[in-house]
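The values are calculated or read from the model by the stated rules, or taken from the named source; none is laboratory data. Note that the coordinates shown come from a computational prediction; the quantities given were computed from them, not determined experimentally. Cβ: placed from backbone, ideal geometry, glycine included. Neighbour counts: every protein chain shown. Surface areas here come from the heavy atoms of the whole protein model, side chains and all, with no ligands, DNA or RNA. Shrake-Rupley method; radii C 1.70, N 1.55, O 1.52, S 1.80 Å.
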Amino acid sequence: MSDSKIGRRALLRGAGGLAALAALPSLAACGTGTSRASAAGGKGGKTVVVRDSGGSYGAALQKAIYTPFTQETGIQVKVLNVDDAPLLAQIKQGRPQCDLINNSMMSHSKYVKQDALETLDLDRVKSVKSAKIPENQITEHAIGHSFYGQCIAYRTDAFGGKKPESWADFWDTKAFKGSRAMVHPDGDLPELEFALLADGVPMDKLYPLDVDRAFKVLTRLRGDIKKFWDSGPLPGVLLSRQEVTMSTVWDGRIADLQKQGVPVERQLNGMRRQFSGYAIAKGATNADNAYKLMDFALSAESQANLAKAFPSNPASPLAYAKLTEDERNALAGAPKYYDKGFDADVDWWLKNESAVTKRWLEWARG
């Protein structure tokens, strides 16, 4: 699931209005092969059911966190791969099939509006302090554990040795010739911030976004955008086939392309960070064990172990010190890169995502 459209957008948008929930069937599990039926058991004191998005990310979580947690505590971790809508429906019915939810912080905020998450007792999550989780990733209902960055990917053989250094260069198709690819709302949040950065808006002055200005800047590039990508692998495919010379991309995709021999590099200046985190489902059967797993997973050591197994950027600044220099610098969250990017303003996007997406779709049809 984490490699498909539903994987990313389920994290960002799946916790939508309750009006649609009743009509949606529960989704079968995917990714790890754990069925919802087998994952639902959990009244015993030695079980915790965690929701994640499966796929290669789920496999990394199993290796780096779930298995070591079970070895240390004896608590069995059962995995539920399910979209937000049916999970929200279960919680509203008082029958949540999972205890701990691994989701985007934006989706957690949507869950809060539906009264679907427990208020956290931070005294029970000691690793928040010991791992020095950033204060802006600690809320009453969720705690951030990692982020993914959206940045520029470009072919290193396309510009005669020149390297794009900014979003202004992404927009400059005279100096950096070739087609571009940008995200479709089915893949991620519309990339208004990048347009504003290209137009000279400083990173610390982006929000609230000037939507009219952003769309004017996007329109300048519209004729050079060959494809709007809606899944994580697609920018790499377009770059590999030389259909585009530059694309927006999730930063973790670059290493895979380079291993395949594709001459690509990333530019992290102006990267947009979006955090994921843990929350406990309202009425969770195994809330005590959910706290224990959350505490274990948020530790700096666990975050570092996950980063070794998957291109995940730890929220804990201490996790990076537990990595080798090569491992650390491969991550967009490494200290040397961090100030190059900015955090997406979750509150702004919660208020404006629907209207912006509608306008984006009209603009793209053009």
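Counting the residues of segment 51-83 that are closer than 13 Å to A290 by Cβ, out of contact with any Phe, Trp or Tyr (no Cβ under 6 Å at 6 or more places or on another chain), touching a residue at least 60 places away in the same chain (Cβ under 8 Å) and open to solvent by 10 Å² or more (accessible area, probe 1.4 Å) gives 1.
When segment 135-159 is filtered for residues that are touching a Pro at 6+ places or on another chain (Cβ under 8 Å) and either closer than 22 Å to G252 by Cβ or among the small types (G, A, S) (or both), the ones remaining, listed by number, are G144, H145, S146, I152, A153, Y154, R155, T156. Only one entry of E118, E135 meets the criterion of being free of Cβ contacts under 8 Å to residues at least 12 places away in the same chain, closer than 17 Å to G277 by Cα and open to solvent by 30 Å² or more (accessible area, probe 1.4 Å), and that entry is E135.
Collect the residues in segment 264-275 that are open to solvent by 30 Å² or more (accessible area, probe 1.4 Å) and over 20 Å from the mean Cα position of the chain (by Cα), keeping them in residue-number order. Talk me through it step by step, then tell me what you get.
Going through segment 264-275, the residues open to solvent by 30 Å² or more (accessible area, probe 1.4 Å) turn out to be 265-266, 269.
Hit for segment 264-275 is E265, nothing else.
Within segment 207-254, if we keep just the residues that are among the polar types (S, T, N, Q), under 24 Å from the mean Cα position of the chain (by Cα) and not in a strand (DSSP E or B), the residue that is surrounded by the fewest Cβ atoms within 10 Å (Cβ to Cβ) turns out to be S240.
Looking at Y278, is it outside any helix (DSSP H, G or I), among the hydroxyl-bearing types (S, T, Y) and surrounded by 17 or more Cβ atoms within 10 Å (Cβ to Cβ)?
Values: outside any helix (DSSP H, G or I): yes; among the hydroxyl-bearing types (S, T, Y): yes; surrounded by 17 or more Cβ atoms within 10 Å (Cβ to Cβ): yes.
Yes.
Only residues that are closer than 17 Å to I225 by Cα and open to solvent by 60 Å² or more (accessible area, probe 1.4 Å): list them for segment 163-206, please. K174, K177, D186 - these are the residues of segment 163-206 that are closer than 17 Å to I225 by Cα and open to solvent by 60 Å² or more (accessible area, probe 1.4 Å). For segment 123-142, which positions are outside any loop (DSSP other than H, G, I, E, B) and either in contact with a strand residue (DSSP E or B) (Cβ under 9 Å, 6 or more places away or on another chain) or of a type outside the set (D, E, K, R) (or both)? Correct list: S127, V128, S130, N136, Q137, I138.
Being in a loop (DSSP other than H, G, I, E, B), in contact with a helix residue (DSSP H, G or I) (Cβ under 8 Å, 6 or more places away or on another chain) and either open to solvent by less than 70 Å² (accessible area, probe 1.4 Å) or of a type outside the set (D, E, K, R) (or both): is that true of H145 here? Criteria not met by H145.
Filtering Q258, Q267 for residues that are more than 30 Å from T47 (Cβ to Cβ), among the polar types (S, T, N, Q) and in a strand (DSSP E or B) leaves a single hit, Q267.
Flag: E301 matches the condition of being closer than 27 Å to G55 by Cβ, over 18 Å from the mean Cα position of the chain (by Cα) and open to solvent by 10 Å² or more (accessible area, probe 1.4 Å). Note on segment 299-322: residues that are aliphatic (A, V, I, L, M), farther than 19 Å from S56 by Cβ and in contact with a Lys or Arg (Cβ under 7 Å, 6 or more places away or on another chain) amount to 2. Scanning segment 120-149 for residues that are of a type in the set (S, T, Y) and at pLDDT below 95 gives a single hit, Y148. Scanning segment 334-363 for residues that are open to solvent by 40 Å² or more (accessible area, probe 1.4 Å) and of a type in the set (G, A, S) yields S354, A355.
Can you tell me which residue is surrounded by the fewest Cβ atoms within 10 Å (Cβ to Cβ) among those in segment 89-115 that are of a type in the set (V, I, T) and part of a helix (DSSP H, G or I)?
The initial filter retains those residues of segment 89-115 that are of a type in the set (V, I, T), namely 91, 101, 112.
In the following step, the residues that additionally are part of a helix (DSSP H, G or I) were identified as 91, 112.
On the way: I91: 22, V112: 18.
Across segment 89-115, the extreme among qualifying residues is V112.
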